[in-house]
Amino acid sequence: MFKTKITELLEIKYPIIQGGMLWISQAQLAAAVSNAGGLGIVTSAQFKSGEELRKEILKTKSLTDQPFGVNLSLFPAVQAIPNEEFVEVIVQEKVKAVETSGVKSPAEYIPKLNAAGVKVIHKTATVRHAQKGAEAGADAVTIVGYENGGAVGMEDVTTMVLIPKALDTIKNVPVIAGGGIADARGFVAALALGAEGVVIGTRFMATQESPVHPKFKEWMLRAQENETVLVERSIRNTHRALKNKAAEELLAMEARGATFEEILLLIKGENYRRVMMDGDLDAGMAYCGQTVGLTNNIPTVKEFMEEIITGAQVICKRLAQLGS
Ligand SMILES: Cc1cc2nc3c(=O)[nH]c(=O)nc-3n(C[C@H](O)[C@H](O)[C@H](O)COP(=O)(O)O)c2cc1C
């Protein structure tokens, strides 16, 4: 059931991928998603060296015997990310898949990863950049729309438009949809648009296995879909975050033309980490998607995934009747 080119490519049960989320996508969450039939992803950019990443990969392997992936960040970073080292470790550890993300093409890493049998999924917020990823040899592309938590790009196009547009343009690799998907309805909608799978980020933060601080999870239960804002646009690095004191301060700074250095003081990774992991809710950016408004419980990953699949079956039956 729900077998697609993505379940085939990644050898997973359901076409559901947990998007890489800095600090949050650790072994515990990734393994839970993989054990529940999806593809869990560990984020590499939270580690300083290949050996640190290897430890997390080994930990993930100790928690699941199912395929999982590693996210490789191609975003510009203040401190250089040792992606070459990461790729080396990913290849040595025979990780199933890599999710690359950013506007930069993953071309330089693909030959080595593919030669080792590692599948590459390139994630972007535009059809154009996804196509570049496909041309560079990615095995699949993920396109995330405006609703997305974290990086949303500069163009403000919704998932509803991006996915059909991508399918009209990209013919040679499967397209995965992300941004705004949080339940069976979003899952079926993405498949109906022609996607071969979905990426979910925000909704996975509010699960039992997510390492996000309980205070943040409780905030997610209270927050509504209209309580996120777009920050960091002035430095062409637009992200969606829940509105808090730091985001309001940042927006005011951006409106008065603050310098990159001033902005960096607020958006630095350590502040974001304090929000998510220490529950210090105003300490920095609280990256989060609009599906926060659809988040009203904190299930286990298995319960959440099962709810998607059983709910999707019911929806598909109803649609089949509608169409008959
Ligand atoms: C808190 C948070 C942190 C994220 N960090 C990253 C990241 O480090 N790398 C990345 O490629 N995507 C990151 N994302 C994006 C997710 O992987 C995923 O593409 C996105 O959350 C999907 O949209 P959704 O939030 O509407 O489900 C992040 C998202 C959130 C909510």
* Starting from the Cα of residue 104, draw a straight line to each of the lysines and keep only those under 28 Å, dropping any in the same chain fewer than 8 residues away. => 5, 48, 55, 94, 96, 112, 119, 123, 132, 165, 171, 268
* Find the all-direction average of the projected area of the Cα convex hull for region 1-63, expressing the result in square nanometres with one decimal place. => 4.2 nm²
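Considering all alpha-carbon pairs of region 159-259, what whole percent are spaced by more than 24 angstrom? Don't skip to the answer; put the middle values down first.
Values: 2118 of 5050 pairs.
Across region 159-259, Cα pairs with separations above 24 Å total 42 percent.
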* Fluctuation leader among 20, 186, 257 - the chain, Gaussian network, Cα springs under 10 angstrom -> 257
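Give me the number: length gained by fully extending residue 270 to residue 297, i.e. 0.36 nm times residue separation minus the C-alpha to C-alpha distance, one decimal in nm.
Numbers: separation 27, 0.36 × 27 = 9.72 nm, distance 2.76 nm.
So the chain would gain 7.0 nm between residue 270 and residue 297.
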* Post the alpha-carbon centroid distance, region 272-299 to region 121-158, in whole angstrom. => 23 Å
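Starting from region 67-126, pick out the GluC sites (Glu not before Pro) whose DSSP state is loop and whose Cβ has at most 13 other Cβ atoms within 10 Å.
Working: sites: 84, 85, 88, 93, 99, 108; in loops: 93, 108.
Answer in residue order: 108.
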* **Share antiparallel - DSSP beta bridges, the chain, percent rounded to 5** => 20 percent
* What base-10 log of the normalised intensity I(q)/I(0) is obtained for region 57-147 from the Debye formula, alpha carbons as equal point scatterers, at q = 0.13, 0.20, 0.24 Å⁻¹? -> -0.42, -0.94, -1.21
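Considering every pair of different Cα atoms, what Kirkwood radius, in Å, is found for the chain? Numbers along the way, then the final one.
Working: mean 1/r = 0.0512 Å⁻¹.
One over the average 1/r among Cα pairs gives 19.5 Å for the chain.
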* To do: Determine, for 160, 21, the number of other Cβ atoms within 10 Å of each Cβ, and report the residues in order from fewest to most.
  => 160, 21
* Please order 227, 11 by the number of other Cβ within 10 Å, starting at the fewest. => 11, 227
* Structure fact -> Here P(r) for region 97-235, Cα-Cα distances in 5 Å bins, as whole percents, is 2, 10, 18, 20, 19, 15, 10, 4, 1, 0
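Taking neighbour Cβ counts within 10 Å as the exposure measure, how do 310, 4 sort from fewest upward? If you can, show how the numbers build up before the last one.
Details: 310 11, 4 17.
Lowest count first: 310, 4.
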* Asked: If you build the Cα gyration tensor of region 172-324 and take the root of 5 times each eigenvalue, what three semi-axes come out, in whole angstrom, biggest first?
  -> 33, 18, 12
* To do: Would you list, by chain and number, the aspartates and glutamates whose Cα falls below 20 Å from the Cα of residue 245, excluding same-chain residues fewer than 8 positions away?
  => 218, 225, 227, 232, 254, 261, 262, 270, 278, 280, 282
* Asked: More than 21 Å apart: what percent of Cα pairs in region 224-287 qualify?
  -> 14 percent
* Asked: So what is the relative contact order of region 224-287, in percent, for Cα pairs below 8 Å that sit 6 or more residues apart?
  -> 31 percent
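FYI, it's all coordinate maths here, none of it is from the lab. A quick note: this is a predicted structure, and the numbers were derived from the prediction, not measured. Because the Cβ atoms are built from the backbone with ideal geometry, glycine has one as well, and the counts that use them run over all protein chains shown.
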